[in-house]
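The values are calculated or read from the model by the stated rules, or taken from the named source; none is laboratory data. All values reported here derive from a predicted model rather than from experimental measurement. Cβ atoms come from the backbone with ideal geometry, glycine included; neighbour counts cover every protein chain shown.
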Amino acid sequence: MRLLILFILLSGVTNAQMRGKIQSSQNKVAVSGADICNVTQNKCVKSDANGDFLIDASENDKIIIFHPAFHPKEIILSAQNVASIFAEALDPISDAKNAPLAPNSTWIGAKIGYNFDGFSDDENDFIGAAKVRLNMAETKFENFDFGVIGNVSDFISNSSKEEKETSLQKLTLSVSGLSVGIYGQHFITRKDEKDAKVRTSSSVYYTANYRLNTYQNIGVDSITVNLSQFKSSFGYQFEGLNFTKKGSLNISVEGSFYAFDPGRYEKIFNNRKGTMFSLEIGAILPINEMIGFFVSTTMAPKVEGVFLCGLIVKPE
């Protein structure tokens with residue numbers, strides 16, 4: 001689906017008013033709520049329920065169009081634009097390579113990091129995971145996404161005595177284990193309202209999923225125990241400070257609640273409890289459009305904190 005923007009500039013005066021209409025080129029349905037900004041004159045308007053708008057404009061003005069479902073577009077009005085109807089097609093976010101893929105930022109993909117607060121001296125302190133959006137629901141709400149999300153990571157841990165603390169640390173991480181569930185994300189803002197040239201966004205999100213972690217060499221009999229969990233998370237994220245090689249700085253805060261079988265947890269960690277809470281704070285600094293450097297810290301009651309840093313790569 002593409003967004004078709006039609007501009008009609010009323011001639012006869014130097015600083016005229018530009019009348020236009022925004023609609024989908026696929027089904028010709030009007031698109032409401034788009035931001036049309038004349039950066040030159042520092043004026044912004046929104047398209048109405050019929051996709052129509054009216055804004056002051058003149059030749060050589062820079063016009064920028066924003067809409068949550070489409071990528072922004074910059075247009076310099078020429079003499080030809082002024083004298084005739086001007087049409088421009090925009091790629092929607094859902095079809096673009098750098099579209100948001102899931103909660104916890106557009107930076108969803110393969111992640112590898114190192115736990116600097118680990119208790120082991122081997123490869124167990126390396127964390128590898130891949131978070132993917134499995135499917136998306138169609139909704140009528142412009143600023144709300146709903147879908148199915150999954151995570152694939154090393155879900156088998158060796159819980160011998162010397163590695164038990166590291167296994168407990170990994171359990172608190174949002175990228176740990178095998179999981180599948182649903183998520184909802186509401187975008188609070190999509191851009192800086194004070195400056196149309198700066199693109200920022202902020203959103204809140206919620207996930208509810210099933211997660212599995214497996215622990216080997218438990219007890220004197222070296223048994224294997226599967227720990228099934230219900231995980232519920234609520235988070236906030238902010239993206240801004242765009243870079244010339246694309247990508248944006250991302251900052252996120254996520255609180256998670258876990259529920260599991262107390263007996264199985266006791267077999268693994270010699271401590272009986274059926275719930276756990278964790279808080280994860282992270283930041284991603286883009287290296288380019290597809291690769292970013294991330295740092296995060298995760299805290300949970302009576303568990304040593306986890307400090308991770310590494311690389312995240314999102315798919316094309």
Can you tell me which residue within segment 31-74, out of those that are among the β-branched types (Val, Ile, Thr) and touching a residue at least 60 places away in the same chain (Cβ under 8 Å), is farthest from Lys21 (Cα to Cα)? Val39
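Yes/no matrix, rows are residues, columns are (1) modelled with pLDDT under 90; (2) under 25 Å from Arg133 (Cα atoms); (3) not hydroxyl-bearing (Ser, Thr, Tyr):
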position: Asn242; (1), (2), (3): yes, yes, yes
position: Phe269; (1), (2), (3): yes, no, yes
position: Gly274; (1), (2), (3): no, no, yes
position: Glu289; (1), (2), (3): yes, yes, yes
Hey, Gly235 hits all of (1) under 19 Å from the mean Cα position of the chain (by Cα); (2) closer than 30 Å to His71 by Cα; (3) modelled with pLDDT under 90 but one; which does it fall short on? (3)
Please go through segment 27-42 and give me each residue that is within 15 Å of Pro68 (Cβ to Cβ) and either in a loop (DSSP other than H, G, I, E, B) or among the β-branched types (Val, Ile, Thr) (or both), ordered by number. Val31, Ser32, Gly33, Ala34, Ile36
Give just the number: which of (1) at pLDDT 80 or above; (2) surrounded by fewer than 17 Cβ atoms within 10 Å (Cβ to Cβ) does Ala79 not satisfy? (1)
Being without any contact (Cβ under 8 Å) to a residue 40 or more places away in the chain and either touching a Pro at 6+ places or on another chain (Cβ under 6 Å) or farther than 17 Å from Ser176 by Cβ (or both) is the filter here, so list the residues in segment 247-260 that pass it. Leu249, Ile251, Val253
Looking at the structure I just gave you, is Gly274 out of contact with any Pro (no Cβ under 9 Å at 6 or more places or on another chain) and under 22 Å from Leu168 (Cβ atoms)? no
I need the full set of residues from segment 265-316 which are in a strand (DSSP E or B), buried (at least 20 other Cβ atoms within 10 Å of the Cβ), more than 24 Å from the chain's Cα centre (by Cα) and of a type in the set (Ser, Thr, Tyr), in order please. none
Give Tyr210, Tyr258 a once-over and let me know the one that is part of a strand (DSSP E or B), at pLDDT 90 or above and surrounded by fewer than 20 Cβ atoms within 10 Å (Cβ to Cβ). Tyr210
